[in-house]
Structure formats: structure tokens, C-alpha cells
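Here is the structure we will look at, set down as C-alpha cells.
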Amino acid sequence: MGRLAGKDGKDWRLGAVAVLLALVIWQFIAAVIIRYPFILPAPTDVFAAFVSLVQGGDIFLDFEASLIHFAIGMVLALLVGIPIGIIMGWNRRIESFMDPLIELLRPIPPLAWIPFAIIWFGLTSFSAGFIIFAGAVFPIIINTYSGFRGVPRVFVEAGKMLGCTKDRDLIRYIAFPAALPSVASGIRIATGVGWMCLVAAELFGVSNYGLGQKLWFYYSLHQMDSVVVYMILLGLIGLVFDMVFRYYVDRHFLKWRTGEVA
């Protein structure tokens with residue numbers, strides 16, 4: 001039993017059984033009870049649609065286009081969100097100056113920016129990237145700010161005693177490592193939010209390709225089995241992003257939390 005469990009003690013066989021059980025129930029409901037693929041396609045129909053889409057090849061172009069849109073939005077969110085969070089968390093005067101503006105913009109849904117995205121960037125990949133940026137930047141700002149605001153003052157004073165007297169050095173060597181768990185959490189949340197914004201970001205015709213774009217395209221054709229294929233792909237890719245990010249951060253930046261220092 002122990003060899004089949006992860007480091008966190010979870011038995012992954014239970015997860016596999018849950019997925020298999022869900023597929024069986026889904027197949028039964030779709031094929032026996034509903035029997036109307038437009039309302040609920042069966043897993044067998046979805047698998048057949050997936051094979052057809054792979055053979056057609058467009059699904060790979062959709063994946064590439066969505067990654068480009070997502071990368072544009074996330075890179076912008078990181079470049080803007082982390083510095084703003086650091087500055088607000090480190091300097092109370094700047095926090096007082098910027099906090100009302102951040103709190104005013106933060107509740108605006110990312111989709112509300114679609115008209116301006118079209119006006120500013122046209123029907124381009126940058127329009128989709130901007131919508132993803134609008135959804136991802138605020139979790140990064142808030143968590144980075146919270147991480148820096150929560151750095152124990154004794155850390156800063158100890159750094160000054162050891163020769164870190166400039167703000168730049170204190171931020172780089174003392175505050176940022178201490179705030180890194182919170183920063184990483186913000187990036188992880190932002191990644192999920194940005195990926196969820198992808199469908200809407202691609203909805204208004206920024207490209208002929210994209211996972212979100214094709215989801216709505218196949219819906220217009222009433223090919224719901226293909227719609228489910230793209231839904232599952234969106235979920236799986238988002239899951240892979242999250243797992244890779246957690247593994248990389250825990251492995252390279254947060255080893256001290258698990259006692260791994262080598």
C-alpha cells in the first residue's frame with residue numbers, strides 16, 4: 001500500500017477508481033437514459049471524435065494558438081504584477097497611493113475588458129492575451145503584496161546587521177525569499193484564472209485556431225462530442241500546468257519546507 005501512495009500519503013489507486021466509475025456512470029446515463037448525443041454525448045462518442053480530430057490535425061494548431069495567447073497574458077501579468085506587489089508590500093506610502101486604484105480595478109470581470117481589447121489591439125493574439133492578463137494580474141499583485149507585507153521584521157533587521165543596508169539588497173536577499181511561498185501561490189492562482197479566461201478570450205474571433213475558439217465553433221455545428229473533447233483538453237492542460245508548476249517550485253525554490261536542502 002505504501003509503495004502505491006504518494007509523498008503526501010494519497011493512494012492514487014482511489015483516484016483512478018473514481019475516474020473509471022465516473023466514466024461508467026457517464027456512459028450509462030448518456031447511452032441508456034438520455035440517448036440523445038446533442039444533450040450528452042457518451043464517452044465512446046467523445047473518444048471517436050477525439051480520434052477524428054487528431055487525424056485531421058487542426059487540434060494541434062488549436063493547441064499552439066492557445067499556448068501563444070496564454071503565454072502573452074501570463075508573461076505580461078508576471079512582468080506587471082510582481083513588481084507592483086513588491087513595491088506596495090515594501091513601501092507603505094506607495095501602498096497608500098496605489099491601493100485604491102488596485103481595489104477599484106480588481107473587481108472588474110476580465111470579460112468586461114473585451115471591447116477595449118478589440119479597440120486597442122484589434123482582432124489579434126494580443127487581444128486574447130490582454131483578457132488573460134486582466135484575469136491573472138491581480139492574484140499575482142495581491143499575493144506578492146501579502147507575502148512582502150508578512151515578512152517578519154526580525155529578518156530585515158538581521159539582514160541590516162549583516163550588511164544588507166540598501167532596499168534593493170534587502171528585497172533580493174531577505175524579503176523575496178521569505179515571501180516566495182506567497183508569490184508562488186499567487187502565480188498558481190493566476191495561472192488557473194488565466195487559463196479559465198482563455199475560452200472567452202478566443203471567443204470573439206482573434207484567430208481561426210484555439211481551443212476556446214473551436215469549442216464554440218463545434219457548438220455552432222451541434223457537434224457536442226467535439227465540444228466535450230475540447231472541454232476535456234482544457235481541463236487536462238490546465239491540470240498539467242498546475243502539476244508542473246508545483247513540482248518545479250517545490251523542487252527548486254521551496255525545498256526547505258520539506259527539509260530537502262541538498
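The values are calculated or read from the model by the stated rules, or taken from the named source; none is laboratory data. Computed from a predicted model, the values in this text were never measured in an experiment. Positions of Cβ are backbone-derived with ideal geometry, glycine not excepted, and every protein chain shown enters the neighbour counts.
Screening the range 125-213 for helices (runs of 4 or more DSSP H) wholly inside it with 1 or more residues that are farther than 25 Å from Val227 by Cα and small (Gly, Ala, Ser) returns the ranges 125-149, 153-161, 176-196. In the set Phe217, Phe148, Phe176, only one residue is among the aromatic types (Phe, Trp, Tyr), out of contact with any helix residue (DSSP H, G or I) (no Cβ under 6 Å at 6 or more places or on another chain) and under 23 Å from Asp99 (Cβ atoms); that residue is Phe176. Of the candidates Gly129, Gly81, Gly73, Gly85, the single residue that is in contact with a Cys (Cβ under 8 Å, 6 or more places away or on another chain) and in the same structural domain as Gly210 (by TED's automatic domain parsing) is Gly73. Summed over the range 10-44, the residues that are within 29 Å of the chain's Cα centre (by Cα), of a type outside the set (Gly, Ala, Ser) and outside any loop (DSSP other than H, G, I, E, B) give a count of 11.
Picking from residues in the range 188-239 that are of a type in the set (Phe, Trp, Tyr) and closer than 18 Å to Thr124 by Cβ, the one that is surrounded by the fewest Cβ atoms within 10 Å (Cβ to Cβ) is Phe204. Within the range 86-119, the set of residues being closer than 20 Å to Leu198 by Cβ, over 21 Å from the mean Cα position of the chain (by Cα) and surrounded by 12 or more Cβ atoms within 10 Å (Cβ to Cβ) comprises Phe116, Ile118.
Would you check if Val199 is under 21 Å from Gly235 (Cα atoms) and in contact (Cβ under 8 Å) with a residue 12 or more places away in the chain? Can you show your working first?
Details: under 21 Å from Gly235 (Cα atoms): yes; in contact (Cβ under 8 Å) with a residue 12 or more places away in the chain: yes.
Spelling it out, Val199 is indeed under 21 Å from Gly235 (Cα atoms) and in contact (Cβ under 8 Å) with a residue 12 or more places away in the chain.
Kindly establish whether Pro115 is closer than 14 Å to Ala200 by Cα and not aliphatic (A, V, I, L, M). So Pro115 fits the description; yes. Answer with yes or no whether Phe63 is in a helix (DSSP H, G or I), surrounded by 13 or more Cβ atoms within 10 Å (Cβ to Cβ) and at pLDDT 80 or above. Answer is yes for this residue. Being over 30 Å from Gln213 (Cβ atoms) and either charged (D, E, K, R) or out of contact with any Ser or Thr (no Cβ under 8 Å at 6 or more places or on another chain) (or both): is that true of Met196 here? No; evaluated as a whole, the condition is false for this residue. Step by step: first the residues of the range 60-85, then only those that are among the β-branched types (Val, Ile, Thr) and within 18 Å of the chain's Cα centre (by Cα), then the one that is farthest from Ile131 (Cα to Cα). Which residue is that? Residue satisfying both the conditions and the ranking: Ile82.
Quick check on the range 132-143. Is at least one of its residues more than 16 Å from the chain's Cα centre (by Cα), closer than 20 Å to Ala184 by Cβ and either of a type outside the set (Asp, Glu) or modelled with pLDDT of 90 or more (or both)? No, that holds for no residue.
For the criterion of being hydrophobic (A, V, I, L, M, F, W, C) and touching a residue at least 60 places away in the same chain (Cβ under 8 Å), Ala71 fails.
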